[in-house]
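Asks: Would you mind keeping the following structure in view while I ask a few things?
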Number of protein chains: 2
Amino acid sequence: MRAEQASQKATLAIDVMGGDHGVSVMVAGALMALEQDASLALTLVGDADLIEQELAQHARTPLERVTVIGTHAVLAATASPRAMLRQGQGTSIWQALLEVAEGRAAACVSADNTAALMLLGRKLLGPLQGIRRPALMSQIPTARGMTGLLDLGANLEVSAEQLFQFALMGSVVQARTPQHRPLIGLLNVGHEETKGHSVVREAHDRLRRSSLNYHGYIEGHDLFAGRVDVAVCDGFAGNLILKASEGLASMLADTLRAGLQQSWRARLGGLLARPSLRRALAPLNPDKHNGAPLLGLKGVVVKSHGRSGVLATANAVLEAGREVKKNIPERISEMLVAHPAEDQA
Amino acid sequence: MRAEQASQKATLAIDVMGGDHGVSVMVAGALMALEQDASLALTLVGDADLIEQELAQHARTPLERVTVIGTHAVLAATASPRAMLRQGQGTSIWQALLEVAEGRAAACVSADNTAALMLLGRKLLGPLQGIRRPALMSQIPTARGMTGLLDLGANLEVSAEQLFQFALMGSVVQARTPQHRPLIGLLNVGHEETKGHSVVREAHDRLRRSSLNYHGYIEGHDLFAGRVDVAVCDGFAGNLILKASEGLASMLADTLRAGLQQSWRARLGGLLARPSLRRALAPLNPDKHNGAPLLGLKGVVVKSHGRSGVLATANAVLEAGREVKKNIPERISEMLVAHPAEDQA
């Protein structure tokens, strides 16, 4: 497996061109991760001039662990994923994935769009043996720690076997130790056996028969209550849940901020309470949990949010490093061997 | 149409047995609505002794506008919707719907479970001519007022024509005046034409060709940004979005409360800011927006949240009264005539 070959040095290929805030933020974020994890080395892929400019600002960082690969090809941000597939050769995202595919890097991090990353990841790395469809997972902060939610939009229509494989892959990533068996929930419109459509009910049976640590159906509110370590659903529902939650959190934050400006009493109260509120809310900061793995590929691929700043980018890079050290693709392969598909591919 | 026959007096049949907090809370909530809207009359359906006990506590309310129908049959809370259909005759929910079906009431309000209400509503009232499937809609508080979200779980798998009809029905309810043409959004995983599965894309085309005021695709975060008046999706995704949002709001509230207990500064700050925060957050209180209509039936049926207290119950009853006055079922029928189904039923 490619991820293994490079796992000693943990070289991560960073596509620095995909973020909304430009190359300097991507490079600064990657270097922040480099300083925090001494076992990492970086291959920065993109516009060499812009990368070198930013590197010059970071003289104190361990630049001996940084390689630059200049790329020139650029596709319009509006290019369709298919155009990407046909004409993407030589772009930074293509080259960063190629570093992994050809064994020079153990992981790729990109803030480019998910569909492009998924298509090129499948083309250049290929899916793991036995995987029906790769999936995108995100860490959701809940009342009791983090829950992995997948799929987030890579697979809009799924089979029961695919939902089962999402559970399996999420379980590998969420395992805190090799012995830990993360608790899995299947998102549904009710807890009762009779609820849900046929695909969800088949997946429920499949999970119950398996050796995975399956809790059963969970409902939407169970997600943020932190009832399970892994929450599984199709990519259509998962994408809507994630983005609606982001939208709600942002609306509530705006409402609270406005409320704290409504009177001198409120302003003073806000000033007094701010340090404690900041501390209480800190674990929920999405920047801390940036870095959504594309699971099921022959290699570690991590999607960074397009809007990511320096801290969020650093966290996506650190997440890629952790997944390399945990040999995620290899462990998913082992689990797939132990849980062969039960349907006709 | 049945709703019409009774629309002058606006008699509402209230199933007082379905709520988690018992008969007294349901009756108190219904009476609160009665005091607020002089055009309403109530038929309270359920355990006559318990209803009379609660009525005795409300001597000052206009009891001349209240009728009691005693029912004795009770099905276990765990009874399947199918058992409800076969053995539900004589229960309060059955009788309350029968009041509408037989023209003695203009609307039914129940806090019993949605599946039972939907099945019995279809059996006793029947769907409007041309309606593929009734749907459940809820009002979501957003950054710019209320958005109607449907379906919320009555239809887990939908056709494009069904999604179109959800848009049409939501549009009728959200119209603030007979001239107002509410803006409709179709929930999808991206704004681009190429996004989404085939059913969503067909519904998109169907909506664009129609005379409805169609905005186009919206994503999860657009929902709470209040971009549209009506947000449409299948019942599986809609149910998960709604419940996940409730769960997230509740987790954030708990986190803030805990943060405001962390130090004397935070406690003092919270005390000072509380009145303004309360005012700012008040519009988001779900009790204010309780009362989710089941749309597409020959009569007004409103689902009250099982957990509803007195205020929330009152708001569900007031919502039913508004829908009766707006002749919602008749207006949906008119819209269906203007937009005949384009697929094979």
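Where a number appears in this text, it was derived from the coordinates with a stated rule and is not lab data. As the structure is a computational prediction, the values presented were derived from the model and not from experiment. Quick reminder, even Gly has a Cβ in these numbers, built from the backbone with ideal geometry, and neighbours come from all protein chains shown.
Asks: Taking amide H positions as placed in the peptide plane 1.01 Å from N, state which residues far from A:Tyr217 in sequence (5 or more) or on other chains have amide H under 5 Å from it.
Replies: Amide H neighbours of A:Tyr217, under 5 Å, 5+ apart: A:Leu186.
Asks: With θ taken as phi - 60° and the coefficients 6.51, -1.76 and 1.60, list the Karplus ³J(HN,Hα) couplings across region A:13-30 in order, rounded to whole Hz; mark glycine and proline as x.
Replies: 8, 10, 6, 8, 8, x, x, 5, 9, x, 4, 4, 5, 4, 5, 4, x, 4
Asks: Continuing with the same structure: Ordered by residue, what ³J(HN,Hα) values in Hz, to whole numbers, does region A:68-73 give under the Karplus form 6.51 cos²θ - 1.76 cosθ + 1.60, where θ = phi - 60° and Gly and Pro are x?
Replies: So the Karplus estimates, Gly and Pro as x, are 10, 10, x, 10, 10, 4 Hz.
Asks: Tell me the trypsin sites (Lys or Arg not before Pro) within region B:18-126 that lie in a loop according to DSSP and have at most 10 other beta-carbon atoms within 10 Å.
Replies: Passing sites in region B:18-126 are B:Arg60.
Asks: Evaluate E = 1/(1 + (r/R0)^6) for A:Asp20 and A:Glu334, where r is the Cβ-Cβ distance and R0 equals 25 Å; express this FRET efficiency to the nearest 0.05.
Replies: Computed FRET efficiency for A:Asp20 and A:Glu334 comes out at 0.10.
Asks: Return the FRET efficiency for the residue pair B:Met146, B:Ala76: r is the Cβ-Cβ distance, R0 is 22 Å, and the value is rounded to the nearest 0.05.
Replies: Computed FRET efficiency for B:Met146 and B:Ala76: 0.05.
Asks: So, R0 is 22 Å and r is the distance between the beta-carbons of B:Glu192 and A:Lys123; what FRET efficiency does that work out to, to 0.05?
Replies: 0.60
Asks: Follow-up. Just counting partner chain Cβ atoms within 10 Å, what average do the residues of peptide A:260-272 show around their Cβ?
Replies: Taking the mean over all residues of the peptide, I get 6.
Asks: Next question. Rounded to whole Å and sorted largest first, list the principal axis extents of the Cα atoms in region B:140-288.
Replies: 60, 33, 28
Asks: Quick one: the Cα spread of chain A along its three principal axes, in angstroms, biggest first?
Replies: Dimensions of chain A along the principal axes of its Cα atoms: 63, 61, 40 Å.
Asks: Next up: Using Cβ contacts closer than 10 Å as the measure, can you line up A:Cys108, A:Cys233 from fewest to most?
Replies: The most exposed by this proxy come first: A:Cys233, A:Cys108.
Asks: Also, I was wondering about something else. Got the A:Glu35 label distances to the other copies yet, label 7 Å along Cα→Cβ, in nm, shortest first?
Replies: List, nearest first: 6.4 nm.
Asks: Within 10 Å of each Cβ of B:139-145, how many other protein chain Cβ atoms are there on average?
Replies: 2
Asks: Turning to a different aspect of this structure: Are there GluC sites (Glu not before Pro) in region A:107-210 that DSSP puts in a loop and that have at most 15 other Cβ atoms within 10 Å, and which ones?
Replies: Hits after loop and neighbour filter: A:Glu157, A:Glu192, A:Glu193.
Asks: Amide H neighbours of A:Thr142 under 5 Å, counting only residues 5+ apart in sequence or on other chains, H built in-plane at 1.01 Å?
Replies: It is A:Thr147, by chain and number.
Asks: Amide H of A:Leu297 versus every other amide H placed in the peptide plane: which residues, excluding those fewer than 5 positions away on the same chain, fall under 5 Å?
Replies: A:Leu128
Asks: Within 10 Å of each residue's Cβ, count the other Cβ atoms and sort A:Asp343, B:Asp15 from fewest upward.
Replies: So the residues, fewest neighbours to most, are A:Asp343, B:Asp15.
Asks: Please state the relative contact order of chain A as a whole percent: Cα pairs under 8 Å, 6+ residues apart?
Replies: Relative contact order for chain A comes out at 25 percent.
Asks: While we're here: Consider all pairwise Cα distances in the protein assembly as shown and report the whole-number % of them above 42 Å.
Replies: In whole percent, the long-distance tail amounts to 33.
Asks: Separate question: Provide the per-residue ³J(HN,Hα) series for region A:115-123, in order, calculated from phi with Karplus coefficients 6.51, -1.76, 1.60 and θ = phi - 60°, each as a whole number of Hz, with x at glycine and proline positions.
Replies: 4, 5, 4, 5, 4, 5, x, 5, 5
Asks: Turning to a different aspect of this structure: Check each of the GluC sites (Glu not before Pro) in region A:29-111 and keep only those in coil by DSSP with at most 16 other C-beta atoms within 10 angstrom; list them in order.
Replies: A:Glu102
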